[in-house]
Each structure stands twice: as C-alpha cells, then as structure tokens.
Amino acid sequence: MSLQLKLNKIHHIAIICSNYITSKDFYTNVLELEIIKETFRTERQSYKLDLKVNDQYQIELFSFPNPTPRPSRPEACGLRHLAFEVDDVSAAISLLNKKGVQTEPVRTDEITGKRFTFFADPDGLPLELYEK
C-alpha cells in the first residue's frame, strides 16, 4: 500500500522584516490585518507577530537583529510574491493610496481576465491585489 501526501491548505506565510515597528504598523494599520498574538523571544532578540487574514490564513511576521537581504522583485528566483484577493481592485488601490502606499498600474490577467496590481511592503516585498 502506497501512502499519498495530502496537503490540506496553506497553514501560514512567514515574512522576515528589517524594522519590526514599521512593518507591524504597515500590516496592522495599512493592510488592516488583525493581530492574533505578539511574542518577544528573548533568546533570539526577535518578535513573532501572528496576523489573521480573514479567518482563512495566517501571516507570521518575524524580526531578527540583522536579517540577510534577498532579491524581492516579482521575477526573482524563489518565492515570487504574496497575493491578496479583494472584491474591487480599484477601491482597494484608492484606500492604499490614501494611506500613502504607491501601487503599480492595474493590469489584466491574460488567462483569467481578472484585474490585479502590485505594491510593496516596507522592505520591498512584492504584494499583489487580485480581483475576485
């Protein structure tokens, strides 16, 4: 009998930031994600902030004293970007712009016909808004 690997869902997404206070403000006040739990890990001099994304996913925001930089362009090798689904891309862009977040021009997915745009977190991590 062979066993099959059955992945149920994405459990969490981990993000390492360079400035915890700035990134915490961005993810909680700009993107309005709800804090589940905030933990300071003394032995690592590191914060771990668990954030709720609409009761379905969780983002773990980590801080470390001297994180190594990595390429973050959407086309860099490795994890490409993090995408959030929204009901209305234009409305979401308007709200982000009012909060001082710059967004790229809206594009249309040539396969699905859905509209999307990119913006960046305080460390330049590419984030996407994708219309439902």
| task | Evaluate the following for residue 36: is it at pLDDT 90 or above, exposed (fewer than 13 other Cβ atoms within 10 Å of the Cβ), touching a strand residue (DSSP E or B) at 6+ places or on another chain (Cβ under 6 Å) and among the β-branched types (Val, Ile, Thr)? | result | yes
| query | Based on what the data block shows, is residue 31 over 25 Å from residue 132 (Cα atoms), among the hydrophobic types (A, V, I, L, M, F, W, C) and out of contact with any His (no Cβ under 7 Å at 6 or more places or on another chain)? | reply | no
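Among the listed residues 132, 52, which satisfies the condition of being exposed (fewer than 12 other Cβ atoms within 10 Å of the Cβ), basic (Lys, Arg) and touching a strand residue (DSSP E or B) at 6+ places or on another chain (Cβ under 8 Å)?
Details: 52 fails: exposed (fewer than 12 other Cβ atoms within 10 Å of the Cβ).
Exactly one residue qualifies, and that residue is 132.
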| Is it fair to say residue 59 is of a type outside the set (Lys, Arg), within 16 Å of residue 14 (Cβ to Cβ), at pLDDT 80 or above and surrounded by 13 or more Cβ atoms within 10 Å (Cβ to Cβ)? | yes
| task | Could you please let me know if residue 68 is under 26 Å from residue 89 (Cβ atoms) and of a type outside the set (Asp, Glu)? | result | no
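The values are calculated or read from the model by the stated rules, or taken from the named source; none is laboratory data. Every value quoted in this text rests on a predicted model; they were computed, and no experiment measured them. Neighbour counts are summed over all protein chains in view; Cβ atoms, including those assigned to glycine, are modelled from backbone coordinates with ideal geometry.
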